[in-house]
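The values are calculated or read from the model by the stated rules, or taken from the named source; none is laboratory data. Note that the structure is a prediction, hence the values are computed from the model and not measured. Heads up, the Cβs are rebuilt from the backbone with ideal geometry, glycines too, and the neighbour counts pull from every protein chain shown. To get the accessible areas, we keep the full protein, side chains included, count just its heavy atoms, and leave off ligands, DNA and RNA. Shrake-Rupley method; radii C 1.70, N 1.55, O 1.52, S 1.80 Å.
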Amino acid sequence: MFLTTMSNVSSIPLQPAADISPADALWAIIRTQSAAVRKVLAEKLLAEQKAIEITEQQEKMVRESLAKAFEELDKGMAKPDARSLRQAGNQQYL
């Protein structure tokens, strides 16, 4: 096991600061990992992307449903509120 001490660190020559983006720095770290670790990271990234796509699809369906409902409401085509169908006066909808 290699332990870094202050004497080891001081003997490393300092490099001039380079313009490295956070993505490039992260990629450099990922590239040094084992194949198994890179595979797990890739699987997690793909799963996260899939979850984002599902959420976006659900949001699109809700937007479209709300747009349709408001359009029907504006045209006077609104459906009765399903929560109140069992109340008196709404028996014709059952």
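Pairs are defined by a Cβ separation below 8 Å, a sequence spacing of at least 6 or placement on different chains, a first member in the stretch 63-78 that is part of a helix (DSSP H, G or I), and a second member that is open to solvent by 100 Å² or more (accessible area, probe 1.4 Å); the pairs so defined are GLU72/LYS79.
Please determine whether any residue of the stretch 11-24 is of a type in the set (Gly, Ala, Ser), modelled with pLDDT of 80 or more and surrounded by 10 or more Cβ atoms within 10 Å (Cβ to Cβ). Taking every residue of the stretch 11-24 in turn, none turns out to be of a type in the set (Gly, Ala, Ser), modelled with pLDDT of 80 or more and surrounded by 10 or more Cβ atoms within 10 Å (Cβ to Cβ). Note on the stretch 33-72: among residues that are open to solvent by 100 Å² or more (accessible area, probe 1.4 Å) and of a type in the set (A, V, I, L, M, F, W, C), the one that is modelled with the lowest pLDDT is PHE70.
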